[in-house]
1. Given a 10 angstrom Cα cut-off, can you work out which residue in Ala84, Ala51, Ala97 is the most mobile in a GNM of the chain?
2. Tell me, rounded to the nearest percent, the portion of alpha carbon pairs in the chain spaced more than 20 Å apart.
3. Tell me, in nm to one decimal, what length is gained between Asp25 and Lys71 on full extension, where the rule is 0.36 nm per residue of separation less the Cα-Cα distance?
4. Which net charge results when you count Lys and Arg as +1 and Asp and Glu as -1 among the other residues whose beta-carbon is under 14 Å from that of Cys45?
5. Can you count the Lys pairs in the chain with C-alpha separation below 24 Å, eight or more apart or on different chains?
6. Let me make sure I get this right: for the stretch 31-78, a, b and c are the square roots of the gyration tensor eigenvalues over alpha carbons, sorted descending. Under 1.5 in a/c it's rounded, otherwise prolate if a/b > b/c, else oblate. Which is it?
7. Which residues among the stretch 58-84 fall inside the zone where the amide N is under 17 Å from a point 7 Å beyond the Cα of Ser95, along Cα→Cβ?
Amino acid sequence: TVQGIEAKLREARGEKGGGPPAIQDDAERALAATKEELENMRRKCLALEAARESDRKQAQAKLKEKERMVKTAQEQLAKERMDAEGRSKEVRSLSVALQEQKREAAAANLR
């Protein structure tokens, strides 16, 4: 971890900030590499989070579009049902009128 490497670096420098230059250079390089790796991981996490958020927004947009399509289909179905009921009532009414005319014609023929 970064803290562990920083502790080793402090230890290599000693209390007075000195220490063998080779050990100090190695510790500083290791610290720099770890910090760079940590920064790369942070960037990857941010990129993944941004991608996840983008996917979530796309999924929400698709869901809203499907909801809109379902609502439109339901409204169309309701309209078609009302039209069918209206036509059915009209057919029944015409059928009743036709039967009445047939009865009247039959009654007129009997006279």
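Taken together, the values in this text are just the output of simple stated rules run on the coordinates, not laboratory data. Worth saying up front: this structure is predicted, and the values here are computed from it rather than measured. With ideal geometry, Cβ positions are generated from the backbone for all residues, glycine too; neighbour counts draw on all protein chains shown.
1. Of Ala84, Ala51, Ala97, the most mobile in the Gaussian network model is Ala97.
2. Numbers: 4506 of 6105 pairs.
Value for the chain: 74 percent of Cα pairs lie more than 20 Å apart.
3. On the way: separation 46, 0.36 × 46 = 16.56 nm, distance 6.84 nm.
Gain on stretching Asp25 to Lys71: 9.7 nm.
4. 0
5. Close lysine pairs found across the chain: 12.
6. On the way: a/c = 12.61, a/b = 11.99, b/c = 1.05.
Prolate, because a/c is 1.5 or more and a/b exceeds b/c.
7. Under 17 Å, as judged by backbone N against the label point of Ser95, lie 84 of the stretch 58-84.
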